[in-house]
Number of protein chains: 2
Amino acid sequence: MLDWIDNYDERDWQTTTDGTVRYALLGLGWWTIDVALPAIESSDLGEVTTLVSSSTEKAQRLAEENGVDHGINYDEFHDGAVSDAYDAVYVGTPNAYHLEYVETAADLDKAVLCEKPMEATIDRASRMVDVCETADVPLMIAYRMHTDPAVRRAKELIDDGFIGEPVSVYGNNSQPLLEMIPDPDQWRLDPDLSGYGTSVMDLGIYSINTTRYLLERDPVAVQSQMSSHHDAFADVPDERSAALLVLEDDVKMVTTDSQNAHEDTNLKITGTEGQIEFQPAFHGQVELRLSRNDLSVTIEHEAFDAEREMEEEFDYFANRVLTDGEIYADGRHGLTDMRIIRALHEAAESGDVVEL
Amino acid sequence: MLDWIDNYDERDWQTTTDGTVRYALLGLGWWTIDVALPAIESSDLGEVTTLVSSSTEKAQRLAEENGVDHGINYDEFHDGAVSDAYDAVYVGTPNAYHLEYVETAADLDKAVLCEKPMEATIDRASRMVDVCETADVPLMIAYRMHTDPAVRRAKELIDDGFIGEPVSVYGNNSQPLLEMIPDPDQWRLDPDLSGYGTSVMDLGIYSINTTRYLLERDPVAVQSQMSSHHDAFADVPDERSAALLVLEDDVKMVTTDSQNAHEDTNLKITGTEGQIEFQPAFHGQVELRLSRNDLSVTIEHEAFDAEREMEEEFDYFANRVLTDGEIYADGRHGLTDMRIIRALHEAAESGDVVEL
C-alpha cells in the first residue's frame, strides 16, 4: 500500500528525460491558451515556439502575452512559415478543421497531436490516418485521461483483478454549455464544424474512450436515444443523449450525456468482485473510489486535473516522438471512436441495434 | 435549512395516530422474519398476530420464537383459520405465489400489502388487481423507497425545482446473489417462481419504480440487453441486464442490474439546474447527495435503512387502512411496473424499441 501510494503519479511510460519537442499550437481558444500552453510550459520535454490563428495580429498578440517566439496565421502555416521553429503541431481547432492542418503538418514532416474527436466525420478521420501513415509522421489523438495518474493506477488495479470480471459500466458527462460559452452560434452546435452532433462527439467520447482504455474492450453493438429541445440545439440531434453499448466479453455499458444540464462527470465500472468509480471523472479534480468486499477507499490527488493531465499527455507524446516509440492513442485508435460515435447516431435515428 | 433538517423524517402522510392493524405474515423467509416482522413491531399502528408458512410446525415455531399468537400453514390460511385474529396480510412469498394468497385475503375481506414485483406475470398481476377491486379490499404494493425519508425529502426538492427540468437518470442495482444465498436452485433463479427473469424483476424494479415516484413520469419507450453466463442462471435471461428508457417529457434513463456482481445500489437524477444522487440507494444506510451550482451537500440519517423504511411503510399502509385513505402504490401502480418489466424483456429479445 505504501509503495502504491508513493508511486501514484509515476510515469510508467517514460523512457527518456532528454530532448525537447518544440510545438506550434493551432486553434487559440481558451483550452489551448489557458490549459494546453501552460501544460507544455510546465512539461519536461516540451516547449511552445509558435502560435497559429486566423489572424496574424491575434496570433502575434497572444505570442507576445505568453512569451512565445512566433505568431502566424493559417495561410502562413500552410505555406510553411517558421516551420524550422517547431517539431510538432497541437491541433485544438473545431473538429472539421483538423484534417487540413494535419495534412499540412504531414507535408512539413511534423509530428501531430490532434484533439479528440479527431475530425467531424469518419471519412475525414480516415483520410487523416492515411495522410500521416503515408508521410510517416507520428499521429496521436489527445485523450488526456490516458495519462491521468488516477486512470492509469485504476487500470493497473483492473489488470490485477481488483474488480474481477467486468460486468457493467456507467458513464455520464453533462455540462451547461450555454452558461459556459454564452453563444448560441458556437461551433459545438454547428454540425458543419462539430460533425455528427454535440453531446456524444464532445462529451460522451470521454466515457467511451476511457472505458476502452481501462478495459481494453471495444463496443460491438450499440443502441441510442438522442433529442434536442432548446432553440440553440436546433441543428444538432443530441442536446441530450443516452446509449446502451455491449462491449467485448458481454460487458454492458450505459451512458448519458448532455450539453444542457447540470455539470457532472462520472465513470463507474462494476465487476464480479469490486468496483472502480471516478466522480468527478473528466473535469475538475478527479476523485477515485475503489470498492471490494465491504471496503471502500476514496483517493484524491492534486495531480488529477485537466492541466496536469495535459502536462502528462504532452510529455508522453514528446517522449514517443523523441524515441520514435509506439503511440497508444494513435489515429486508428481515434478512428474506432469515430466509428462508435457514428454508430450511436445511426442507432438513434433508426431505433435499431447497430453492430460494429 | 434548520427547519428542513429538523423536519427531515416527518411523516407528511400521517393522518391518524390511533388504531392498530393486526397482520398475518405470509412467506417466512429471512426478509419477513428479520426485517418485516421487527419493523411492524416497532411501528405505531401495526401488530403481528399470525404467521403463515408451508408447515404448521415451522409457523408455530417461528410464532413462538417471536412472541406471535398464531402459526398456521397455507391450507389453514385458505380455509380461513384464525381469520378473526388479523385485519391485513403481508405477502412476502416468491412472486408466483402472491396471487393465490391475495385471492384468499380478498375472500376473507382483509387488506393486502403485497411485496414487489406484485406477481410473476402481467396476467396474474392483472388478476390480482381485479380480485381486490371486485372485493373492495385495499391493495398496496410494498415499495419501501416511497416512505424512506431521504426519498420523500428528495421528492420535495425536485417538486420545488431544485434540479430544474429533469434530463437524465441512472440506476444501478447489483449484488452477488449466490454469495448471499448460496443455493443455485433458489426461487429467484426459477422463472416459474420469479416470473420474467431475475435481475430486472428483483433489482431493476427499484431504480425504475423509485424514479417513477420521484419524477412522476413513466417510461414510454424502452430498449434493453440481457444475458446469462453462470450455470446457476441457465433458466433466466438476465444474470446481467442494461436498459435505456425514455420517460415522459423526454427524460432519458439508463440502468444496469446484475444478480452476479459486486454489491452497489445507486440512483442519480440530473436536471438542467442540479442533481440528486442516492448511493447506496436501495440497501444499507442510504446516503443522499444534492448538487446545484458549485455546491454539493451530503446527507446521512440513521432513518435511511431497510428496516426503518419498512416501519414507515407499514405505518403508512396501516394509516390508509384505518382511515380508508387513498393508497399511492396501489395495484394499478404495481401493474405499470409489470408492464415496464415485460417490455424490457421483449426489448431484450427483439433488439427493438418497445413502446408503452
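A short reminder: the numbers here are calculations on the coordinates, not readings from a lab. These figures come from a predicted structure and were not determined experimentally. No Cβ is skipped: glycine too gets one built from the backbone with ideal geometry, and neighbour counts run over all protein chains shown.
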So what is the relative contact order of chain A, in percent, for Cα pairs below 8 Å that sit 6 or more residues apart? 20
Taking A:LYS58 as the anchor, which lysines have their alpha carbon closer than 29 Å to its alpha carbon, excluding any fewer than eight residues away along the same chain? A:LYS110, A:LYS116
For region B:129-211, Rg(Cα) over 2.2 N^0.38 Å is 1.45
If you take each beta carbon of peptide B:254-261 and count the beta carbons of other chains within 10 angstrom, what is the mean? 6
For chain A, diffusion coefficient by Stokes-Einstein and Kirkwood Rh (Cα), 37 °C, 0.692 mPa s, µm²/s: 158
Semi-axes of region B:230-356's equivalent ellipsoid from the Cα gyration tensor, sqrt of 5 times each eigenvalue, largest first, rounded to whole Å? 27, 23, 19
Can you sort B:ARG188, A:ARG339 so the residue with the fewest Cβ neighbours within 10 Å comes first? A:ARG339, B:ARG188
Taking 8 Å as the Cα distance limit and 6 or more residues as the minimum spacing, I'd like the relative contact order of region B:13-144 as a percentage. 21
Using the Kirkwood radius over Cα pairs of the protein assembly as shown, the Stokes-Einstein translational diffusion coefficient at 4 °C and 1.567 mPa s, in µm²/s and rounded to a whole number, is 47
Taking neighbour Cβ counts within 10 Å as the exposure measure, how do A:SER228, A:SER258, A:SER174 sort from fewest upward? A:SER228, A:SER174, A:SER258
Scoring only Lys, Arg, Asp and Glu (+1, +1, -1, -1) among other residues with Cβ under 15 Å from the Cβ of A:LYS116 yields -2
Normalised convex hull volume, region A:297-356, alpha-carbon set, Å³ per residue: 165
Average other protein chain Cβ within 10 Å of Cβ, residues A:231-240: 1
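If you take every residue apart from A:THR49 with its C-beta less than 11 Å away from the C-beta of A:THR49, what net charge results, scoring Lys and Arg +1 and Asp and Glu -1?
Values: positive: A:ARG22; negative: A:GLU47, A:ASP69, A:ASP84, A:ASP87.
Local net charge: -3.
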Compactness of region A:13-144 - radius of gyration and Dmax, Cα, Å: 13.8, 39
Report, ordered by chain and residue number, the lysines lying within cross-link reach of A:LYS155, taken as a straight Cα distance under 19 Å and ignoring same-chain residues fewer than 8 apart. A:LYS252, A:LYS268
Percent antiparallel among DSSP beta bridges confined to the protein assembly as shown, nearest 5, equals 60
If you count, for every residue in A:270-282, the Cβ atoms of partner chains within 10 Å of its Cβ, what is the mean? 3
Which order do B:LYS110, B:LYS268 fall in if you start with the one that has the fewest other Cβ atoms within 10 Å? B:LYS110, B:LYS268
Under 5 Å between amide H atoms, partner at least 5 residues away or on a different chain: which partners does A:SER227 have, H built in plane at 1.01 Å? A:GLU239, A:ARG240
